[in-house]
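Novice: One structure follows; several queries about it will come next.
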Amino acid sequence: MKADFLARLQRARAADRAVAVATRLTDGAQFLHPEDGLPAPLAAAADAALASDAAASLPHEGAPWFIQPHNPRLRLIVVGAVHVAQALVPMALGLGFAVTVVDPRRAFATEERFGTGVTLVDEWPDEAMERLAPDARTAIVTLTHDPKLDDPALEVALRSPAFYIGALGSRRTHAKRVARLAEAGLPEEAMARIAAPVGLAIGAVTAPEIALSIMAEIVARRRGAALAGR
Amino acid sequence: MSDQEDILATAAGWLAEGETVALATVVETWGSSPRPAGSHLAVTASGRLAGSVSGGCIEGAVAEAARRTMADGTPQLLDFGISDERAWEVGLACGGKLKVFVEKLEGQAA
């Protein structure tokens, strides 16, 4: 890989642009999609690789080619800079997520508690969520236990195409939450998107165990594993 | 903790430190290969390793081949598999087959 090509690729990745690298395997010639204007069959394969987030190989004009998609990182928005969040954040970073922690309570969302690899936001959750605009590559987890903070975040989350929406709290807590959200006008089918109690049922007790169960469920949902269904 | 799958970032970091770096990429798999296409192994001439292209079965052979690519800059397309005994003595215990592309990462002002 040529130095200027690596630099272009790294710039695109740093800017969270979706790009794909097309490599001719006979001589290592490389092109960056979409900016290098690939021939139509290779461009189509690059678009498909980005859409499926899976690498592909194909022949083109008598040579084998390899297509490597580089999608922007998946996002995780954590509402509530609480103890469980402190365990969740490093796991999510290790799994490749870009992580944002939202908590308007200044004592919680601090760099001392979360380090520098994460974006800390001290706005109210509804304002923060509107600004962060969750997309289909975003997971959202509410952890505050406080309806004043969790509910407004969930209202925005449930109107977004986020691929995972989880809310910490017992079955009883969640039943009350659903009742409140229904009163706020959210339809039944929207509520069914909330994973609650949050995380896979692995009998988690400690904060790191709860974080593990949440990340396991997010991965399962992302990969379409059977156990992600509730 | 950083993303443990972002081998390219690790390799670019080594390059910036002045290391000679090769990047190996799984480009095709058949059967039960442990690592999907797109998986990277980065190696340096000084012997540093990051990532993987298998469950550990062929990393040594890939690193060995990468020495040649780092020396002359020519990319290689390697075939590994239990059925291919001509070029490589290493096989995959899982019975899978895979192709690995090895390229040199060129530093700025090379």
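Novice: Listed residues A:Thr119, A:Thr142; which is open to solvent by 40 Å² or more (accessible area, probe 1.4 Å), β-branched (Val, Ile, Thr), at pLDDT 95 or above and assigned by TED's automatic domain parsing to the domain that holds A:Leu88?
Specialist: Criteria check complete, one pass: A:Thr119.
Novice: Mind listing whichever residues of region A:1-25 are part of a helix (DSSP H, G or I), within 11 Å of another protein chain (Cβ to nearest Cβ), aliphatic (A, V, I, L, M) and open to solvent by less than 60 Å² (accessible area, probe 1.4 Å)?
Specialist: Once the filter is applied, which keeps residues that are part of a helix (DSSP H, G or I), within 11 Å of another protein chain (Cβ to nearest Cβ), aliphatic (A, V, I, L, M) and open to solvent by less than 60 Å² (accessible area, probe 1.4 Å), region A:1-25 yields A:Ala3, A:Leu6, A:Ala7, A:Leu9.
Novice: Could you list, in sequence order, all residues of region A:153-177 that are out of contact with any Gly (no Cβ under 9 Å at 6 or more places or on another chain) and more than 19 Å from A:Met129 (Cβ to Cβ)?
Specialist: A:Ser170, A:Arg171, A:Arg172, A:Thr173, A:His174, A:Ala175
Novice: Let me ask something else about it. Could you grab me the full set of residues in region A:46-87 that are within 12 Å of chain B (Cβ to nearest Cβ) and under 14 Å from the mean Cα position of the chain (by Cα)?
Specialist: A:Asp53, A:Asn71, A:Arg73, A:Leu74
Novice: Please return the ranges of strands (runs of 3 or more DSSP E) entirely within region B:1-79 where 1 or more residues are within 14 Å of another protein chain (Cβ to nearest Cβ) and exposed (fewer than 15 other Cβ atoms within 10 Å of the Cβ).
Specialist: Output list reads B:21-30.
Novice: Also, quick follow-up: Need the failing condition index for A:Val198 against (1) assigned to a loop (DSSP other than H, G, I, E, B); (2) free of Cβ contacts under 8 Å to residues at least 40 places away in the same chain, just the number.
Specialist: Among (1) assigned to a loop (DSSP other than H, G, I, E, B); (2) free of Cβ contacts under 8 Å to residues at least 40 places away in the same chain, the lone unmet condition for A:Val198 is (2).
Novice: Right, something else. Looking at region A:26-64 only, could you name the residues that are open to solvent by less than 60 Å² (accessible area, probe 1.4 Å), under 25 Å from A:Asp4 (Cβ atoms) and of a type in the set (Asp, Glu)?
Specialist: A:Asp36
The values are calculated or read from the model by the stated rules, or taken from the named source; none is laboratory data. Because the structure is a prediction, the values reported are computed rather than measured. FYI the Cβ positions are ideal-geometry reconstructions off the backbone, even for glycines, and counts take in every protein chain you see. Areas reflect the complete protein model, heavy atoms only, side chains present, ligands, DNA and RNA absent. Shrake-Rupley method; radii C 1.70, N 1.55, O 1.52, S 1.80 Å.
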